[in-house]
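Here the structure comes first, spelled out in structure tokens, and everything after it is commentary.
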Amino acid sequence: ELKVEQNPLFLSMQEGKNYTIYCNYSTTSDRLYWYRQDPGKSLESLFVLLSNGAVKQEGRLMASLDTKARLSTLHITAAVHDLSATYFCSWRANFNKFYFGSGTKLNVKP
Amino acid sequence: NAGVMQNPRHLVRRRGQEARLRCSPMKGHSHVYWYRQLPEEGLKFMVYLQKENIIDESGMPKERFSAEFPKEGPSILRIQQVVRGDSAAYFCASSPPNLGEQYFGPGTRLTVT
């Protein structure tokens, strides 16, 4: 079965702390995506990871991809309240079908 | 270049009525995807279309749901005889011919009363 597993599903953390969200996917993919969704809003693209070992950083967020382990991580450095949102990973399977994880709901406490 | 447009943004229907959701992809994009999101859940793939073709509808319920992407005009997701369980946010995404990144519309929030 083709699927994406994200963990944790819920994450409550203090400002200034670091944490990592994990995304495992079930079969070979050439693209892995990370999105952010604020309550009641659409999905905002954060990162597109295209190859094994790819690492991308934007502000306090850094995403990486290990295609051999079928694992992507989203690392949060020195969290701030503005990062509170739900984060989704997604991967593109064959025939251009996209699968999404269940999302990680992040709450950063001031 | 305008982004992906969806309308209406909010739609209220009574049980048994029909709901029509529209999606205009970004200029130059020929691929459209529809997803459903229930409260506090992730996105579930419904259907993938190119102009005048349904490529993959494996995520569509077998009854009451249909989708089209005509040669001219927006893509339409149609839900006939809506039930309360159809209440959800429906997102459309489009991607360019090289099938790169998806770009999401703002969503249509359907409420069935």
Worksheet item: How about region B:64-95: which trypsin sites (Lys or Arg not before Pro) there are in a DSSP loop, with at most 14 other Cβ atoms within 10 Å of their Cβ?
Response: B:K71
Practice prompt. Place a label point 7 angstrom from the Cα of A:A69 along the Cα-to-Cβ direction, then list the residues of region A:16-45 whose backbone nitrogen is under 13 Å away.
Written response: A:20-25
Worksheet item: Across the protein assembly as shown, how large is the tail of the calculated P(r) beyond 30 Å, expressed as a percent of all Cα pairs?
Response: 25 percent
Response to the item:
Extension length gain for A:M13 and A:D82 (0.36 nm per residue less Cα distance), in nm, is 23.6 nm
Discussion item. Through the Karplus equation 6.51 cos²θ - 1.76 cosθ + 1.60, θ set to phi - 60°, convert the phi angles of region A:74-79 into ³J(HN,Hα) values in whole Hz; use x for Gly and Pro.
Written reply: 10, 9, 10, 10, 6, 3
Fill in: Length added when fully stretched, A:K109-A:T20, from 0.36 nm per residue minus Cα-Cα
30.4 nm
Worksheet item: How many angstrom separate the Cα center of region A:39-86 from the Cα center of region B:1-30?
Response: 28 Å
Item to complete: Take the Cα coordinates of chain A, assign each an equal point scatterer, and use the Debye formula without solvent to give log10 I(q)/I(0) at q = 0.18, 0.20, 0.22 Å⁻¹.
Response: -0.83, -1.01, -1.20
Worksheet, complete the sentence: Long-range amide H partners of B:M60, meaning residues 5 or more apart or on another chain whose placed amide H is closer than 5 Å, are none
Worksheet entry | Convex hull per residue volume in Å³, alpha carbons only, for region A:1-54 | 129 Å³
Discussion item. How much length would be gained if the chain were fully extended between A:E5 and A:T27, taking 0.36 nm per residue of separation minus their Cα-Cα distance, in nm to one decimal?
Written reply: 6.7 nm
Worksheet, complete the sentence: Taking region B:51-113, the equivalent ellipsoid from its C-alpha gyration tensor has semi-axes in Å, biggest first, of 23, 15, 11
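May I ask you to derive the FRET efficiency for B:S30 and A:V55 from their Cβ-Cβ distance with R0 = 30 Å, giving the value to the nearest 0.05?
0.45
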Discussion item. Show me the three semi-axes of the equivalent ellipsoid for region B:1-98, from the C-alpha gyration tensor (sqrt of 5 times each eigenvalue), largest first, rounded to whole Å.
Written reply: 22, 14, 13
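Quick note: the coordinates plus some simple rules give every number you see, no bench work behind them. Note that this is a predicted model, so its numbers are computed, not measured. In this analysis, Cβ positions are derived from the backbone assuming ideal geometry, glycine residues included, and neighbour counts consider all displayed protein chains.
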